[in-house]
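Participant: A single structure is presented below for examination.
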Amino acid sequence: MLMLGEGVTVMSVVVGLRVAVGVVFFLAAASKSSRRGRADFRIAVGAFVPGAGGRWAGVLVVVTVAAEWAVVVLLAVPVRGASVAGFGLAGAALAVFTVVLVWGLRRGVSAPCRCFGSSARPVSGVQVVRNVLLLTLAVLGLYVCVTAGGGRVPVAGLWVSAGAGALLGAVLSVFDDLAGLFITASPPRRLMTGREAVTRREFPR
């Protein structure tokens, strides 16, 4: 249970979470707002959602982009109710995105998901981890907004919280690209021994 004296710290956390999640959803919505972005995301929807071809894919694109912009607007409004709605909508959207990604991976889909940003990397567990991290931030923000009392954030604390949130949001938006830098790019060497194939990667000495 939060004590009254912790109000400033709690509100600083809320500001940081609002900015972090808002930045991610802003970049996601902006990347899909151009004609090329919508076309790429529509292709991804068709790949990850069986039966969502043609008009239905277009409807899902519109609904997704509208939800993302709604999250951005709600989290930008400095009102507790708007923040609750924004974090709630963000959490619901992230839960759906994560389920769709896991479902696609289980079916062997390797197309780019185009979920957040314009990365053309094939979908992998990295995107699922990113979504889980974002979902955790959204749930945490929702919990704090619902359970914590009010409080003021000093100007200096406001800038620090907003800056940290913006940095975190930017990092999460390119999380899959950053993760790709730490994954060995060399192709695996397959050693055949009888009927078994062992995959081994080359590591620098």
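No lab work stands behind these numbers, since they all come straight from the coordinates. What you see is a predicted model; the values in this text were computed from it and never measured. Neighbour counts are summed over all protein chains in view; Cβ atoms, including those assigned to glycine, are modelled from backbone coordinates with ideal geometry.
Participant: With +1 assigned to the C-beta of every Lys and Arg and -1 to the C-beta of every Asp and Glu, and no other charges, what is the dipole magnitude of the range 51-139 about the Cα centre in debye, to the nearest 20?
Facilitator: Values: 7 positive and 1 negative charges, 43 e Å.
It works out to roughly 200 debye.
Participant: Diagonalise the Cα gyration tensor of the range 30-75 and give the resulting equivalent ellipsoid semi-axes, square root of 5 times each eigenvalue, largest first, whole Å.
Facilitator: 20, 12, 8
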